[in-house]
Amino acid sequence: MNQKTPTVPEHVMPTPTHGGEAPRPPEGAKRKSGKGWIWLLLLIVAAAAAYYYWPKGSPAEAGTAPSGGGGAGKKKGGGGLAPVVAVKVTRGNIGVYEDDPGAVTPIYTVLERSRVDGELMAVNYKEGDIVEKGQSLLEIDKRPYQVALETAEGQRARDEAMLDNAKVDLRRYQTLLAQNAIPAQQLDTQKALVAQYTGTVQIDQAAIDSAKLNIVYCDIRAQITGRIGLRLVDPGNIVHASDQTGLVVITQMEPISVIFPVEARKLPPIATRFNAGQKLTVEAWDPDGNRKLSVGTLATMDNQIDPSTATLKLRAMFDNKDNALYPNQMVNTRLLVEEKRGVVLLPTAAIQLGATSRKYVWLLKPDSTVTVRDITTGTSEGDQTEITSGLDAGENVIMTGVDKLNEGSKVNVAGGDGGPGGGKKGSGGRRGAADQSGTAPAADAQQGKGGKGRGGKSGGQHQ
């Protein structure tokens, strides 16, 4: 069969080329490829512009410093005003404390030892019990001392009979001497014999008393009232009066003392008040300073300063009814040296620290604008600080949200203890000392360049 060759239309026939050149693509395909590159280039340019011009960071960092009546950035629920938390300056009392490490030291500690030799027969206490003074604790075999007592009593009876006979002879010799029946020397000899027997009877009595005392020592009793420790010797063992390890330890727990050193340069105000008869309160805290264990009073001061440490040891007494303090326990002591009354107080977290240790606060005005106010501080205790100048009781100070503030900024008081529009629950920042940083005022901060605005680091810290 004859196979027909398919007919190809002329408009799709390849155009012959000279020199073996490849056929050129159609014009429509070329135009389509060129438009794709243009769209890709436009997309890259748009992304770069968006990245360059898009705002970065907070308004304070982006250079959008608020005007006298404007906010510090767009915030939900604030109408464009910076949300802050304000606290009210109050008037109250604050204590001046001396903090030092100390060690719990019992007033009395007794190591019970045996005063006689013998076998330990019985233990009459339970380890860890509170024992009373005079309570029986241990019993040592007393039978050898009972035998010694009986022996001494027998010897005394014999010697007393001999003494009585010597006294009868003495009276007889005195009568005979008056009749010149015997020489005087015989009477003198008899007097010496009576004195000898008298001494022998006294020795016998001493032996009896010694045996009775040893029997008493066989019953070991508590010398003080306190907590008894673990026994050091088990029943059945032979104990000796010369043993240095002892049998058991008793420690007085109520009351108990804490001894702590104080630097010599800090002693004058303490000594002045103590010598005047004032009761100075001492608090005992755990080593981490998180929990107060007990409260006592300063009892005594040592009579000399340790030259190696330039410190003087002080002893504070604690009732310790709850047994919160244990002997040799390490604690932190807080001695109340003075209590300042009726001073101006402010939460420490609201105090900002500027250049050259300058201390200031952001003061909230009645028109909801803020201004910088320099202050001086005194005693700090806990989360409160004494303000010696710069603030009065009743004024309101910004505590959180200070990193968004500038001089004259208008703010939205979202919570805190005071200020116009303040609520009970803050929503503009973390409460308390969690937010202690703040942007330094214009006098202390440097203006950034470009789109960065003010420096990112906080210009305020609390002390």
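Tabulated values for the structure
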quantity	calculated
Tabulated pairs, the stretch 296-322, first closer than 13 Å to R334 by Cα, second open to solvent by less than 80 Å² (accessible area, probe 1.4 Å) and charged (D, E, K, R), C-beta under 6 angstrom, 6+ apart or interchain	none
Out of A284, A178, A241, A222, sole residue that is within 23 Å of T109 (Cβ to Cβ), modelled with pLDDT under 95 and not hydroxyl-bearing (S, T, Y)	A241
Checking A157 against (1) at pLDDT 95 or above; (2) open to solvent by less than 80 Å² (accessible area, probe 1.4 Å); (3) within 25 Å of G246 (Cβ to Cβ), the condition it does not meet	(3)
Residues of the stretch 169-194 that turn out to be loosely packed, with under 13 Cβ neighbours inside 10 Å and either within 15 Å of R156 (Cα to Cα) or acidic (D, E) (or both), as a count	1
Flag for G102 being in contact with a helix residue (DSSP H, G or I) (Cβ under 7 Å, 6 or more places away or on another chain) and either surrounded by 15 or more Cβ atoms within 10 Å (Cβ to Cβ) or of a type in the set (S, T, Y) (or both)	no
Count of the stretch 296-314 residues which are open to solvent by 70 Å² or more (accessible area, probe 1.4 Å) and closer than 11 Å to V258 by Cα	1
Residue check for T151: touching a residue at least 24 places away in the same chain (Cβ under 8 Å), among the hydroxyl-bearing types (S, T, Y) and either crowded, with 17+ Cβ neighbours inside 10 Å or part of a helix (DSSP H, G or I) (or both)	yes
Any hit, the stretch 117-131, residues being among the hydrophobic types (A, V, I, L, M, F, W, C), within 35 Å of the chain's Cα centre (by Cα) and open to solvent by 30 Å² or more (accessible area, probe 1.4 Å)	yes
Strands (runs of 3 or more DSSP E) contained in the stretch 258-367 and holding at least 2 residues within 28 Å of R91 (Cα to Cα)	281-285, 292-301, 330-347, 359-364
R291 being over 29 Å from D383 (Cβ atoms) and among the basic types (K, R)	no
Test result for N332, open to solvent by 30 Å² or more (accessible area, probe 1.4 Å), at pLDDT 95 or above, farther than 22 Å from D392 by Cα and not charged (D, E, K, R)	yes
Yes/no for S409 being surrounded by fewer than 22 Cβ atoms within 10 Å (Cβ to Cβ) and either more than 30 Å from V282 (Cα to Cα) or among the small types (G, A, S) (or both)	no
Single residue of the stretch 132-148 satisfying the filter (out of contact with any helix residue (DSSP H, G or I) (no Cβ under 6 Å at 6 or more places or on another chain) and assigned to a loop (DSSP other than H, G, I, E, B)) that is most open to solvent (accessible area, probe 1.4 Å)	K133
Members of the stretch 243-254 found to be assigned to a loop (DSSP other than H, G, I, E, B) and either within 9 Å of R113 (Cα to Cα) or open to solvent by less than 50 Å² (accessible area, probe 1.4 Å) (or both), listed by number	D243, Q244, T245, G246, L247, Q252, M253
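The values are calculated or read from the model by the stated rules, or taken from the named source; none is laboratory data. Only a predicted model underlies this, so the values are computations on that prediction, with no experimental measurement involved. Please note: Cβ atoms are built from the backbone with ideal geometry, for glycine as well, and neighbour counts cover all protein chains shown. Areas reflect the complete protein model, heavy atoms only, side chains present, ligands, DNA and RNA absent. Shrake-Rupley method; radii C 1.70, N 1.55, O 1.52, S 1.80 Å.
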